[in-house]
Amino acid sequence: MSTALTLSTPHLDFSGSDFVFREEMNQIRNVISDFQAEIKEREMLHSILFAGDRVTKINNLLDEAAKPGEHRHGSYRLPYHIDLDYVRGNLRAKYWQKVVDMTNVLQLMPAKRRDEWRRQFIEGKVTMDKPDPYCGSMRSVVEYVGVPEFSEDSVFPTLLALLNERNVFLNERVYGVFCALSPKHKTNKSYGFSERLILTDVISDRWYDSISTTSYREDSIDDLRMVLRFFAHGSLSRVERLQTVLSAVYREDAENHNFGKWVSIDGNLLRVKMFMNGNLHIEIHPDVAWKLNEVLAASLPYAIPTEFRSTPANRRVVKDFGEILTPIDDEVITLITTLDGSEYEFTASHYHWDSAKADTKAEFVEVMKKLGGFPGKHSSAWCFPYPFSEVKNYITRSRCMPEQKSHQFYPTPEPIQRVVADLIELQDGDRLLEPSAGRGDLLTFIDAPDQTTCIELSPIFCKILESKGYKATNGDFLKWSDENTGVEFDKIAMNPPYSEGRAKAHVEAAIRHLEPGGRCVAVMPGSERMQWLDAGQYRVEDCGTFSGEFEDTGVTVKVFKIVKM
């Protein structure tokens, strides 16, 4: 079942067309039919096995099946009675789990709610008040009453009730995280979430290559991480255990284990800083931090000031935090993990590839393409224009990819690469800058890693650049430019981001780093005229227009040569 959960503050609504809804109901009816068929099969098998003295005869047959002289009486025997009600109950539990997994609603529930649901629908137990036989007062006891019936009359109302309560589950989960925060530190406000949170007693032990976490703190933080992922990406998905994530952070720094250092996790939704006293500081991405307070206001409507429940006005703070990355599906990560091969050619496990779902394979192919790969001899084989092992290891650790629109990642096609290389005319000793380098596609035919400085926002693309031999600085180019005003280059090759007027801003920043007589070759939007450049300082030449060259977009671009006089 799809989970088109739309956050309409502070409620979540199930949205979808009547057609989609009918399709989902039909899927559930099919599951109910499967359950009924299994019940009939079990009942028929029970009636066959336990009619008359068949069990005795089968047990005699099992006893007599041993080699003569090695008779083992009773080694394998059928019981003389099987409670068919327990069989039915176990099948109901199996199918209740199946239909609820189709909604993903359990992932949104707080841990206490999930335990209550499992106790009733999987274990068949309920909590009830009963008189104490010794003192006569009432006490709560958990008793087995049987797993609820699995039929259309029970399944549809239960699922709809769960779906309609998703906003309640989300509120409870956010409120639970808020209540779990340490009250000892001023950054944990009593009137809502800060962008920085401080939790005590998170790390319980440290080992050679891993750490241990206290379970009650880990549960609260993992609840927070799941909710933030929902806010950022609009879908429910599991997160790796905090202990696993922090252990990976711990291993990355063999000497100091990253204690006292901010490290991004979960696709830049969070930054964490570990301390040797067991505390953990957390910074939440500003674009999602305010949504926590928006949801928390449903539980504490008069306690959360309005200014803490809206999009941050200071976009510089958001920009400094960096872009939120897109998580890669767990099954896709499994396929990537199985890739094996030489430096440039890798093949996924045939077993995992053959058993993978179609949408998993499609996402895997997209990830491979974004990493610069191209198909090999077999459907599960991929080739790369650089040594892939380090990039593979990084992607399986980070489990994220840049989001195409926010990162403005559109690899430069070969015809434009060749034009840029010809116009740059890089000479021995020239220093070359690529301000938004991506995977280094624009530099393919220039091919001078030792002379090139690359600035790139995406950490995974920096890894690719390093694998190609380039010196790569991970960061936003405009910020880097402000911090490195005295650094100059002989040549600049660039294909800047286009949205929100960023192309002009990036070119203006880039050409400030040109030596007198230096040149910049820029791939710009097709509507650009470059009339804003100071004609007294720069000579501009329009070197050609290209249409339909970029994959998955019909954008028209122009290539300009800018010479600093």
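The values are calculated or read from the model by the stated rules, or taken from the named source; none is laboratory data. Keep in mind that this is a model prediction, so the values were computed, not measured. No Cβ is skipped: glycine too gets one built from the backbone with ideal geometry, and neighbour counts run over all protein chains shown.
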> Quick check, is Gly376 in contact (Cβ under 8 Å) with a residue 60 or more places away in the chain and not charged (D, E, K, R)?
Replying inline: no
> List the pairs whose first member sits in the range 428-441 and is of a type in the set (A, V, I, L, M), whose second member is assigned to a loop (DSSP other than H, G, I, E, B), and whose Cβ atoms are under 8 Å apart, counting only residues at least 6 apart or on separate chains?
Replying inline: Leu432/Leu426; Leu432/Ile446; Leu432/Ala448; Leu433/His513; Ala437/Tyr470
>> Return the residues of the range 106-141 that are aliphatic (A, V, I, L, M), closer than 21 Å to Lys94 by Cα and more than 32 Å from the chain's Cα centre (by Cα); say none if nothing qualifies.
In response: Val126
>> For the range 459-504, give me the residue count where each residue is polar (S, T, N, Q) and more than 24 Å from Pro516 (Cβ to Cβ).
In response: 5
> For the range 59-68, does any single residue satisfy the condition of being modelled with pLDDT of 85 or more, in a helix (DSSP H, G or I) and exposed (fewer than 15 other Cβ atoms within 10 Å of the Cβ)?
Replying inline: no
>> Quick check on my filter: what residues within the range 529-565 are modelled with pLDDT under 90 and under 23 Å from Ile446 (Cβ atoms)?
In response: Glu549, Phe550, Glu551, Val555
>> Being touching a Lys or Arg at 6+ places or on another chain (Cβ under 7 Å), without any contact (Cβ under 8 Å) to a residue 40 or more places away in the chain and not in a loop (DSSP other than H, G, I, E, B) is the filter here; which residues of the range 531-561 pass it?
In response: Tyr538, Glu541, Asp542, Thr545
>> Go through (1) part of a helix (DSSP H, G or I); (2) more than 28 Å from Val555 (Cβ to Cβ) for Asp428 and report which single condition fails.
In response: (1)
>> For the range 336-388, give me the residue count where each residue is hydroxyl-bearing (Ser, Thr, Tyr), in contact with a strand residue (DSSP E or B) (Cβ under 9 Å, 6 or more places away or on another chain) and over 22 Å from Arg399 (Cβ atoms).
In response: 1
> Are any of the residues in the range 472-480 part of a helix (DSSP H, G or I) and more than 21 Å from Gly322 (Cα to Cα)?
Replying inline: no
>> Here are the criteria: (1) on the phi < 0 side of the Ramachandran plot; (2) at pLDDT 80 or above. Tell me which single one Phe193 does not satisfy.
In response: (2)
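Which ranges mark the helices (runs of 4 or more DSSP H) fully within the range 101-175 that have 2 or more residues being free of Cβ contacts under 8 Å to residues at least 12 places away in the same chain?
111-121, 152-164
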